[in-house]
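Contents: one structure, followed by commentary.
The values are calculated or read from the model by the stated rules, or taken from the named source; none is laboratory data. From a predicted model like this one, the values you see are computed outputs, not experimental measurements. We place every Cβ from the backbone using ideal geometry, glycine too, and count neighbours over all the protein chains shown.
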Amino acid sequence: MSGRKRATRAAGASSGGGSPGSPAAAWRRLTREIERCTRCPLHRTRAHVVVYRGSLTPRVVFVGEAPGAEEDRTGVPFVGRSGRRLDAAIATLGLAPSEFGVLNLVKCRPPGNRFDRRAERTCRPYLDRQLALLRPRLLVTLGAHSLRAIDPDAPPVLRSAGAVRPDHAPPVFPLLHPAATLRSRAWHERWERDVARLGRCLSGELAQPV
Ligand code: SF4
């Protein structure tokens with residue numbers, strides 16, 4: 001299966017129909033544009049462009065960093081071990097499929113999984129256009145790169161994770177990157193505490209409901 005076909009299927013899973021001027025049609029046009037992108041060198045080594053999975057009317061969007069090997073192979077964000085950890089957290093939060101989406105700052109896999117700041121800058125307009133169409137009520141950043149890119153004024157991720165930042169529009173709730181929590185028992189325990197606090201945030205206990 002080509003990258004374009006795979007990415008379209010992942011991105012369009014819950015896109016529905018829509019007239020040519022509708023948000024769904026705008027999303028499909030943007031998705032096709034990203035799938036064909038050759039703006040940075042990462043296009044030369046990717047197997048698939050990894051655009052999005054989830055609802056087109058999400059309450060919460062989870063923002064990762066860049067595709068890993070499994071995402072590059074399938075064209076779907078967060079499908080490897082770290083994806084299973086994220087999905088377990090989403091299940092714990094009780095979010096229905098219509099309530100969330102998952103994407104990355106960078107849409108193509110960096111060789112060796114080394115995060116590429118130049119690719120991040122080149123790819124950033126796609127993220128901004130995706131978020132402008134999705135209009136989530138809360139952004140959950142996953143890891144240090146995601147937090148820095150979305151909310152540059154936030155303290156480092158180990159200090160920020162687990163507490164909502166209500167002054168950002170939309171509010172930001174930082175979490176550690178799920179992959180990091182697979183490498184350390186202490187960080188896994190921190191992840192579970194922070195996810196529980198995210199659940200309380202979503203229910204309105206920690207701040208205004210989102
Ligand atoms: S990482 Fe982004 S900017 Fe670079 S080729 Fe992929 S879609 Fe284009």
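Select from the range 27-46 the residues that are near the ligand (Cβ under 7 Å from one of its atoms) and touching a Pro at 6+ places or on another chain (Cβ under 7 Å) and list them in ascending order. Please lay out each step first, then the result.
The initial filter retains those residues of the range 27-46 that are near the ligand (Cβ under 7 Å from one of its atoms), namely 34, 37-40, 42-43, 46.
Leu42, the sole residue that qualifies.
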Requested in this report: Take the residues in the range 69-118 that are modelled with pLDDT under 95 and small (Gly, Ala, Ser), then tell me which one is nearest to Phe173 (Cα to Cα).
Outcome: Ser82
Query - Every residue from the range 182-210 that is modelled with pLDDT under 95 and of a type in the set (Val, Ile, Thr) - result: Val210
Report summary line: The condition from (1) crowded, with 19+ Cβ neighbours inside 10 Å; (2) of a type in the set (A, V, I, L, M); (3) at pLDDT 95 or above; (4) not in a strand (DSSP E or B) that Leu30 misses is numbered (1)
